[in-house]
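The values are calculated or read from the model by the stated rules, or taken from the named source; none is laboratory data. Please read all numbers here as calculations on a predicted model, not as lab measurements. In this analysis, Cβ positions are derived from the backbone assuming ideal geometry, glycine residues included, and neighbour counts consider all displayed protein chains. For the accessible areas, the whole protein counts, side chains as well, though only heavy atoms, and no ligand, DNA or RNA atoms are used. Shrake-Rupley method; radii C 1.70, N 1.55, O 1.52, S 1.80 Å.
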Amino acid sequence: MPAAPLADWDLPVVPGLGPDEDPGEEARRLIRDGGGPREEVMQALADWVRESKLPEMRDGALVKFAHSCDYDLERAKKCVKSFHSARSQAADLFSEWDTELPNIRSILNVVRIAVMPRKTPDNYRVIVDSLQTSDTTNYVFLDVCRVTLMVLESIFLSEPTVDGIIVVHDVGNATISHFTKIGWSCWTTARKFSSYTQDALPLIRHSAHLVNCSGFIDKALRLVSHLGSKEDWEKLSVHRGDDVTGLHQRVPPECLPSDLGGSLPSLAELHGIQQNKGFALRADNSEGGTTLKICVRRVI
């Protein structure tokens, strides 16, 4: 049974389709009321979107782009364009976002992934993932990417002004075969995923961590060294063995699962909670069958 949420838990809840329920609209109102440089950027960005041939977007939907680009207008414009372009050119990554589909249900029995229900004191969201088994038989990298993007989408839809994300990959069950699949046989998928998260994802990527790393990790990383930017590689920390001291120096233990020496429940329990929420389902959605595909339509 998944752990019962505690009073200080702060899980993101994906909003409904109406503008009154959109956290972006509330954030936009606060920026408008505050005036100043941020308001000038938001106005200019909205005007630019209207003048361009991009799909129409509500002003509130633009907040996450401006915020993730530190309210730099030109960077925000590039992010908006890349966001729409990636969803067109990498349509396979953004299809089958339905936890009831057999392939998605299967991959959720291969990987565990969850948004930690506490943000760090610096307003960062922490995502932790791991492999449930070292067997690669049912490891489908495309579906891993889809589930990861569903989780990321749930964050920027519900928290457009979060100040960054920290991703922790527990690679204790990883083998060289997993990295081979990513670096060679899934090259096209990996390249599209990397391009989207670098250029189009409206979230600030603060840092990434590999934990429970065994001796093969250096060889494994060489297999995927052609992916990602220099900046992303500089943000990656490798924690060898099962010592989590270095991780705790960078990520507060109260924001980590018990598997990694944290004070939260185990990742298996948090993964169960994430599945019960449907990744991007509203927790109180009475219709029950709505999936993240609704949110994709809304955000575009």
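Inspect segment 82-104 for any residue being among the aromatic types (F, W, Y), over 26 Å from N276 (Cα atoms) and at pLDDT 95 or above and give the result as yes or no.
Of the residues in segment 82-104, the ones among the aromatic types (F, W, Y) are 83, 94, 97.
Among the residues that remain, those that are also over 26 Å from N276 (Cα atoms) are: 83.
If we keep only those that are at pLDDT 95 or above as well, we get 83.
Yes, the conditions are met somewhere in segment 82-104.
Does V296 satisfy the criteria of being at pLDDT below 75 and within 30 Å of K181 (Cα to Cα)?
On the way: at pLDDT below 75: yes; within 30 Å of K181 (Cα to Cα): yes.
In short, yes.
Identify, from the list S237, S207, S225, the residue that is assigned to a strand (DSSP E or B), in contact with a Phe, Trp or Tyr (Cβ under 9 Å, 6 or more places away or on another chain) and either open to solvent by 60 Å² or more (accessible area, probe 1.4 Å) or at pLDDT 90 or above (or both).
On the way: S237 fails: in contact with a Phe, Trp or Tyr (Cβ under 9 Å, 6 or more places away or on another chain); S225 fails: assigned to a strand (DSSP E or B).
Being assigned to a strand (DSSP E or B), in contact with a Phe, Trp or Tyr (Cβ under 9 Å, 6 or more places away or on another chain) and either open to solvent by 60 Å² or more (accessible area, probe 1.4 Å) or at pLDDT 90 or above (or both) holds for just one of S237, S207, S225, which is S207.
L54 is checked against (1) farther than 23 Å from Q275 by Cβ; (2) surrounded by fewer than 15 Cβ atoms within 10 Å (Cβ to Cβ) and fails just one. What number does that condition carry?
The one condition L54 does not meet is (2).
Can you tell me which residue among D72, D33, D47 is open to solvent by 50 Å² or more (accessible area, probe 1.4 Å), among the acidic types (D, E), within 21 Å of T197 (Cβ to Cβ) and out of contact with any Gly (no Cβ under 7 Å at 6 or more places or on another chain)? So that I can check it myself, show each step before the final result.
On the way: D33 fails: within 21 Å of T197 (Cβ to Cβ); D47 fails: within 21 Å of T197 (Cβ to Cβ).
The match here is D72.
Considering only segment 190-204, state which residues are among the polar types (S, T, N, Q) and buried (at least 17 other Cβ atoms within 10 Å of the Cβ). Break it down stepwise before answering.
First pass over segment 190-204, keeping only residues among the polar types (S, T, N, Q): 194-195, 197-198.
Within segment 190-204, S194, S195, T197 qualify.
Can you tell me which residue in segment 126-163 is farthest from F94 (Cα to Cα), limited to those that are among the acidic types (D, E), touching a residue at least 40 places away in the same chain (Cβ under 8 Å) and in a loop (DSSP other than H, G, I, E, B)? Explain how you work it out, then say what you get.
Taking segment 126-163 and keeping what is among the acidic types (D, E), we get 129, 135, 143, 153, 159, 163.
In the following step, the residues that additionally are touching a residue at least 40 places away in the same chain (Cβ under 8 Å) were identified as 129, 143, 153, 159, 163.
Pick out the ones that are also in a loop (DSSP other than H, G, I, E, B) and you get 159, 163.
On the way: E159: 20, D163: 24 Å.
Looking at residues that are among the acidic types (D, E), touching a residue at least 40 places away in the same chain (Cβ under 8 Å) and in a loop (DSSP other than H, G, I, E, B), I get D163.
Which condition from (1) in contact with a His (Cβ under 9 Å, 6 or more places away or on another chain); (2) open to solvent by less than 40 Å² (accessible area, probe 1.4 Å); (3) of a type in the set (F, W, Y) is the one that W187 breaks?
(2)
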